[in-house]
Structures are given as structure tokens and as C-alpha cells.
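Chemist: The structure's right below; bear with me while I get my questions together.
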Amino acid sequence: TKMKAKIIIIFLALSLMTTLGGCEFETSDNGDLDGMWHLERVDTLGHGSLNYKEKHLYWSFQNNLMQTNNTEKAEFFIYRFSHAGDSLIITEPRISDRDLGDTLLIDISPISKYGINSTRESFYIERLNGSDLVLDNKWLRLVFRKF
């Protein structure tokens, strides 16, 4: 009946409001940095350029966590990062493996193809908008496209 349908709708609406009311949504102040970026080019400042457009190397940002991954090899690494103004600092590289506890990397050679060559890497943000990201440090310029 119509009355029974109204009661069910009201009950479902109240249940949904109660459920959502108990949730806290994390927000990020990373602006355009948040999301997934395709690493398209690595310029070795003064020594040439590597074209990565056909490679499947990605950086992803959310809140204070960053992930790099190679989708061809199902390879994932996670990091902490801080972003303020035109500065990006990446720290604590780890192998992403929840079962083994996200092991801290000591040998950074597996992440060098992503343009990360230290356990604490500082980049200057040369350009950041909704579609382009360019990062520089003393040795490299990394060029990304939003994915």
C-alpha cells in the first residue's frame, strides 16, 4: 500500500542519513597535484632526454601519500610526501605490500626509473595545472600528463 511504501522510504532515508552522518570524509589541500600522473619524459639536465610516453609509469597523489607504479609489471611503491607552494618533498619509499607490512626500501634502484634517486627527494614544481606537471631537482626534470 501507499502508506507502507512511504514508511519504507522514510526509514531508508533516515538509515542513509545516519550512516553518512557517522562518516568523516578526508579532504586534501593538494589542489591540482591530487590524482594520477603519467610520467612522459625524463630530462637529464645537460645530458639528454628519455621519452617515456610509451611506458606505463605513473605517480599518484592523495592526502599525504604518493604511489608510483608500473602497470605493465604490477609494481607498486608508496611514499610520504609534503607539498607546499612550489616545493614537493618525497620521503619513506616502501614496497607496497600490505601482507608484508610495506617494507621500507633501502636499495633505491627499483624506483630510479620513476625519477626518484634518494630516500628523501626534493623537487621544485616548475609547472602544475589540471593537465601538466613538471618537476625539477638538481639532476632531472620530470614531465607528466594528468591521467
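The values are calculated or read from the model by the stated rules, or taken from the named source; none is laboratory data. Just so it is clear, the structure is predicted and the values come from calculations on it, not from any experiment. Every residue, glycine among them, receives a Cβ derived from its backbone with ideal geometry; neighbour counts consider all protein chains shown. The area values use the complete protein model at the heavy-atom level, side chains included, leaving out ligands, DNA and RNA. Shrake-Rupley method; radii C 1.70, N 1.55, O 1.52, S 1.80 Å.
Chemist: All other residues with a Cβ under 14 Å from the Cβ of residue 136 taken together, and with Lys, Arg as +1 and Asp, Glu as -1, what is their net charge?
Modeler: -1
Chemist: Now a separate question. With all protein chains present and a 1.4 Å probe, how do 59, 139 order by accessible area, largest first?
Modeler: Sorted by accessible area, descending: 139, 59.
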